[in-house]
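The values are calculated or read from the model by the stated rules, or taken from the named source; none is laboratory data. Since the structure is predicted, the reported quantities are computational estimates derived from the model, not experimental observations. Ideal geometry is used to build each Cβ from the backbone, glycine not excepted, and the neighbour counts take in all protein chains shown. The protein model used for the area step is the full one, side chains on, heavy atoms only, and it has no ligands, DNA or RNA in it. Shrake-Rupley method; radii C 1.70, N 1.55, O 1.52, S 1.80 Å.
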Amino acid sequence: MSNTRVELPDWASVLFDESLRNIAVRGGRGGGKSRSIASALVLRAAQKPLRILCAREIQKSIKDSVKRLLDDEIERSGLRAFFTSTDTEIRGANGSLFLFVGLRTNIDSVKSMEGIDVCWIEEAQSVSQGSLDVLIPTVRKPGSQLVFSWNPRLETDPVDAMFCGATMPPRSRLLTVNHGDNPWFPSVLRAELEYDKKRDPDKYRHVWEGEYLRNSERRVFKNWRVEEFEAPADAVHRYGADWGFAV
């Protein structure tokens, strides 16, 4: 294999730290999280034989996976001759293998997987606690590693409870990566960012700064706040609920 040179953001050096059990990368849109992880895993798989499982909660077809992203990074890295990409997997000339799975519908097959060196869980904010409870002990090869990447949604999501709670799992590293950490942040996204920042600050903080979902244009009522107040003596309190479905 010829020498390969790939540029990555400074924070991505953690993706080559094999001493870590868990690498958790969270943040808003445009930070380059997924692309950097894909590039790092391609380089690691080219350096030595690795069995890499790419998982997400729902994968109806291979088009829903990160396979296309990995193929693009293989091309960008000049490693097309080293890797063979089929409809369902990617193989390296040294025996490396990338596999792709949806956890919700294939959890029994995940249980039987052996010899996983690295598991990349993309869009981890959508992964259920049940899926995590099965997946994590399945990746049990000595020196194996789990890489989580996600855009935060709610602080109660299982992946956030796991890494952002009072105690993180041992040998874990948590990084928050946003657009300011991406030296190649595209100008077309810059325009969208500035538009959201002016028009809907809550949406901007969630989408671009990786904060938890608060008020945004997707909420029916946006102009509200919670505070103490004295109700008039003749006030009539009304309560209502919208369950979000028609029938």
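The number of residues in the stretch 24-51 that are among the hydrophobic types (A, V, I, L, M, F, W, C) and outside any helix (DSSP H, G or I) comes to 3. Being over 30 Å from residue 187 (Cα atoms) and either aromatic (Phe, Trp, Tyr) or out of contact with any strand residue (DSSP E or B) (no Cβ under 9 Å at 6 or more places or on another chain) (or both) is a description that does not apply to residue 4.
Taking (1) open to solvent by less than 30 Å² (accessible area, probe 1.4 Å); (2) farther than 22 Å from residue 16 by Cβ; (3) touching a strand residue (DSSP E or B) at 6+ places or on another chain (Cβ under 6 Å); (4) not hydrophobic (A, V, I, L, M, F, W, C) in turn, residue 131 satisfies each apart from (3).
Number of residues in the stretch 195-214 that are more than 14 Å from residue 150 (Cα to Cα) and open to solvent by less than 70 Å² (accessible area, probe 1.4 Å) equals 6.
Selection of the stretch 5-23 for residues being assigned to a loop (DSSP other than H, G, I, E, B), open to solvent by 20 Å² or more (accessible area, probe 1.4 Å) and touching a helix residue (DSSP H, G or I) at 6+ places or on another chain (Cβ under 7 Å) yields 6, 8. In the stretch 145-163, the residue that is surrounded by the most Cβ atoms within 10 Å (Cβ to Cβ) out of those that are part of a loop (DSSP other than H, G, I, E, B) and without any contact (Cβ under 8 Å) to a residue 40 or more places away in the chain is 157.
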